[in-house]
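Heads up, the thing below is written out as structure tokens.
What follows is calculated from the coordinates using simple rules that are stated; it is not laboratory data. As the structure is a computational prediction, the values presented were derived from the model and not from experiment.
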Amino acid sequence: MLFRKRIVFFLFFLFAFVLNSFAQDQSKLTALKNILLAIEQQHQVNFNYTENNIANIKLVPPEATLSLEEKIKYLEKTTNLSFENIDNTFINI
């Protein structure tokens, strides 16, 4: 009986930990448009896109310390959008 209580107790805390982790990730979600604006300012580039393509996309922003290329790869992977970098000045989505 004691063993069973310990199992239930352990599962309860495991469940609570997983929910807490998920909630923290949800609070970090940012609109893709805002992420693109921040990248434009940091790397002096311009993104070209159609509003409809990015309007409802929210994700955890890439780390600020990543290079422009690493950020673009991250965005491609997490959004399934294609990014075309033209001379590190213009980026078409």
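Run the numbers on region 43-93 and let me know its relative contact order in percent, using alpha-carbon pairs under 8 Å that are six or more apart. Averaging sequence separation for qualifying contacts and normalising by length gives 51 percent for region 43-93. Residue by residue, region 59-67 carries 3J(HN,Hα) couplings of 7, 6, x, x, 4, 5, 7, 6, 6 Hz when phi is fed to the Karplus relation 6.51 cos²θ - 1.76 cosθ + 1.60 (θ = phi - 60°); x denotes Gly or Pro.
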